[in-house]
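Read through the structure below, which is laid out as structure tokens, and then see the notes.
The values are calculated or read from the model by the stated rules, or taken from the named source; none is laboratory data. Owing to the predicted nature of the structure, the values given are computational and were not obtained by experimental measurement. Backbone-built Cβ (ideal geometry, glycine too); neighbour counts: all protein chains shown.
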Amino acid sequence: MTHATLPVALWFPMNGRNSRAGRADPRSLSTKTLDVLAAFSTTRGRLTLSDLSRLSGLSLTTTHRIVNDLVGWGALERSGRGGYQVGLRLWEIASLAPRGLPLREVALPAMEDLYEATHENVQLAVREGLEVVYVERLTGRGAVRVLTRVGGRFALHSTGVGLVLLAHAPDDVQEEVLAGPLRRWTEWTITDPVVLRATLAEIRRTGVAVSDRQVTDDALSVASPVRDRSDSVIAALSVVMHADATPAAAAAPAVRAASRSISRALGHAGAQARPPGLPA
């Protein structure tokens, strides 16, 4: 079993404006600094000064000054061949996010129990806007391939954890997602808003979401909500397994039990309760 222990990734939008085009750049220094950091991604782990200038839309002079400050503070580190990479001090700050490392530490014992019971991918996620952000994932050598990573983002309407979080999201968030577009990953992905609306209602009724081959053709996800002491759904827990291995109904009790265990640790008084008519 492997642990992915990076905190939830920081994400900042880049507006693409370029001061080198001869126009005054209205961005503040803080925004420019964040745009430099936002140039890094899972596929761009090491960037040169020229890369950072191009991706942030800043002049080389401005980028050089900002990068030097970030290196001095520890948010960036110099790598080989004249490049830069995200520094450990930024990781330390990110780990303080209450829905990141603290939530992960509370959830990890129950996640490990669920992994030992299934030996499949076990994932913990939270909602950020219209996306899922993965806080933790446990996996093994024989686990089915997934497209997610710790700190990564995904659409709400297709994954098990995403469906749970969308089902319990505020009405305006649900309506914005239902208004689409709903991206299709496989032929089984729900892209009909009428079907999705009915699916969300069923998730609220049963306390379980099932994503059957909606992201990849060989994976099935079973997810359940994690609640805090105020009864708010703050996260979702799932097991992602081979679609032809274990029926969703067989995995659901273990996932519900693990999510209730995390909820209890977070102070949720009703964590023992379950929807009527459903097995423990």
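Please give the strands (runs of 3 or more DSSP E) falling wholly within region 161-280 in which 2 or more residues are assigned by TED's automatic domain parsing to the domain that holds GLY129 and among the hydroxyl-bearing types (Ser, Thr, Tyr). Passing ranges, in order: 219-227.
Collect the residues in region 212-242 that are closer than 18 Å to ALA258 by Cα, small (Gly, Ala, Ser) and buried (at least 16 other Cβ atoms within 10 Å of the Cβ), keeping them in residue-number order. Within region 212-242, SER221, ALA223, SER224, ALA235, ALA236, SER238 meet the criteria. Within region 118-140, at least one residue is farther than 30 Å from GLY180 by Cα, part of a helix (DSSP H, G or I) and in the same structural domain as LEU178 (by TED's automatic domain parsing). Looking only at residues that are within 20 Å of VAL255 (Cα to Cα), free of Cβ contacts under 8 Å to residues at least 60 places away in the same chain and touching a helix residue (DSSP H, G or I) at 6+ places or on another chain (Cβ under 8 Å) in region 138-166, which one is surrounded by the fewest Cβ atoms within 10 Å (Cβ to Cβ)? Top of the filtered list is HIS157.
Residues in region 8-26 that are among the charged types (D, E, K, R), modelled with pLDDT under 50 and in a loop (DSSP other than H, G, I, E, B): 1 in all. Of the residues that sit in region 27-63 and are closer than 16 Å to ARG81 by Cα, at pLDDT 90 or above and out of contact with any Gly (no Cβ under 7 Å at 6 or more places or on another chain), which one is surrounded by the fewest Cβ atoms within 10 Å (Cβ to Cβ)? Only one residue tops the list, namely SER50. The one condition from (1) more than 22 Å from the chain's Cα centre (by Cα); (2) among the basic types (Lys, Arg); (3) outside the structural domain of ASP25 (by TED's automatic domain parsing) that ARG145 does not meet is (1). Considering region 129-161, and only residues there that are within 13 Å of ALA223 (Cβ to Cβ) and in contact with an Asp or Glu (Cβ under 8 Å, 6 or more places away or on another chain), the residue that is modelled with the lowest pLDDT turns out to be PHE154.
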